[in-house]
Amino acid sequence: MPELPEVETVRAGLSKLIVGKTIARVEHDTPKSFPNASADVKAFLVGATIADVGRRAKVLIIDLGNAYSLIIHLKMTGQLVFQSKTVHFGAGHPSDSLVNPLPDTSTRVIVDFTDGSKLFFNDQRKFGWVRLLPTVEIPNLDFFKKVGPEPLSNEFTWHVMKQRLRRRKNTSIKAALLDQSVIAGIGNIYADESLWGAKIHPSTLVRDVSDAKIKELYKSLVAVLRLSIAKGGSSSHTYVDAEGKKGSYMSFANVFRREGQACPRCGTIIIKTRIAGRGTHVCPHCQKLRQA
DNA sequence: CACTTGACCTGTCCGC
DNA sequence: TGCGGACAGGTCAAGT
């Protein structure tokens, strides 16, 4: 699913598309996708005007301007797609391929706005969710209490990254990067990409990664996240932005899903293995297990 | 406590 | 073409 760059791309898109719109109606299918969507809760939604669309880690926060917020986690296959009232093209229209008809079988929640536009929360695997909460309670959620710093914030220096990573000792650097309580927003793609950039093998124990290597990893991570946001994130078949469009970062990826291809740096064939319970992509020449 | 593994779901792809 | 199993960009609970 979407990691920080993808969620940030969705946030930026939604911010332009739905801020100022007023909710007319909310529907949902499975309770799992909207666990606290009682009639009472929905009453806080109808009539609310979207004030802001924010993000923390991989979580979207839609501020309803009435002291309540919708918080949304896309998990692996979630999408938030906005459609204006006038989207319907005839058969064979050149834009047809960009606009999938919604709702479809993966649609879990539909928000209707008073101007006829709609926001669809789609999620094939039903891991994702939408919840309504008083805005002041958001920081009290367990996840937000534990989550680490935003890697693109000014406060996130390489010293901060070093301190956070050093909290974990006997685990692999990849597992530490994926741990949201260490640093927020990193997932499988950007863990692999940033480790390749810093020439660190993902299995290396954190205690065996030198400070100098952590500094390289910091630079690599920040660069990769910024590049991906600039490209609209990466896309699998399930990821799209708020307008239903795919991102282009994957064509800039160096190792992720490039097993069997040549490493862009040294030409060695990239391999795929399993580390920290996740599919992991490595250049066996650039990323040696025992390094200073 | 630190760390790893399995479960949550559905769809797709790959080998027999 | 059908079927079984592994796997998919995340996170928790339960296990060692």
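Overall, the ratio between the Cα radius of gyration of the range A:158-282 and 2.2 N^0.38 Å, rounded to two decimals, is 1.05. log₁₀ I(q)/I(0) of the range A:71-224 at q = 0.10, 0.17, 0.19 Å⁻¹, via Debye over equal Cα point scatterers, no solvent, to two decimals? These q points yield log10 I(q)/I(0) values of -0.54, -0.99, -1.09. Near the amide H of A:GLY54, within less than 5 Å, lie the amide hydrogens of A:ILE61, A:ILE62, A:ASP63, all on another chain or at least 5 residues away, with H placed in the peptide plane. Taking every DSSP helix (H) stretch of at least 4 residues in chain A, weighting each as -39,500 (n - 2.57) and dividing the sum by the residue count yields a mean residue ellipticity at 222 nm of -7500 deg cm²/dmol.
Debye sum, Cα scatterers, the range A:4-146, no solvent: what log₁₀ I/I(0) at q = 0.13, 0.17, 0.19, 0.20 1/Å? So the normalised log intensities work out to -0.55, -0.96, -1.21, -1.35. Sequence-ordered 3J(HN,Hα) estimates for the range A:210-216 from the Karplus curve with 6.51, -1.76 and 1.60 and θ = phi - 60° stand at 5, 4, 4, 5, 5, 5, 4 Hz, glycine and proline given as x.
Counting other beta carbons within 10 Å of each residue's own, what order do A:LEU64, A:LEU205, A:LEU70 fall into, fewest first?
Listed from fewest to most nearby Cβ atoms, that is A:LEU205, A:LEU64, A:LEU70.
Remark on A:SER69: its backbone amide H falls under 5 Å from those of A:LEU64, A:LEU133, A:THR135, a criterion applied only to residues 5 or more positions apart or on other chains, H modelled at 1.01 Å from N.
For the range A:167-178, backbone phi angles converted through the Karplus equation (6.51, -1.76, 1.60; θ = phi - 60°) give residue-by-residue couplings of 5, 9, 10, 9, 10, 6, 4, 5, 4, 5, 5, 6 Hz, Gly and Pro being listed as x. Across the alpha-carbon set of chain A, the Rg to Rh ratio works out to 1.01, Rh being the Kirkwood radius. From least to most packed, judged by other beta carbons within 10 angstrom and beginning with the fewest, A:THR171, A:THR30, A:THR204 follow the order A:THR30, A:THR171, A:THR204.
Each residue of the range A:147-158 was assigned a 3J(HN,Hα) from its phi angle through the Karplus curve 6.51 cos²θ - 1.76 cosθ + 1.60 (θ = phi - 60°); the sequence is 5, x, x, 6, x, 9, 7, 5, 6, 7, 8, 5 Hz, with glycine and proline shown as x. As a rough footprinting exposure proxy, the listed residues A:TRP158, A:TRP129 were ranked by other beta carbons within 10 Å of their own, and the order from fewest upward is A:TRP158, A:TRP129.
Amide H to amide H distances under 5 Å link A:ARG25 with A:ASP112, where only residues 5 or more positions off or on other chains count and H is placed in the peptide plane.
Separation of the alpha carbons by more than 23 angstrom is noted, of A:LYS145/A:LYS215; A:LYS16/A:LYS231; A:LYS146/A:LYS174, for A:LYS145/A:LYS215.
Here, each number is a calculation from the coordinates, and none is a lab measurement. Predicted model, so just to flag it, every value in this text is computed and none were measured. Note that we place each Cβ from the backbone using ideal geometry, even for glycine, and neighbour counts take in every protein chain shown.
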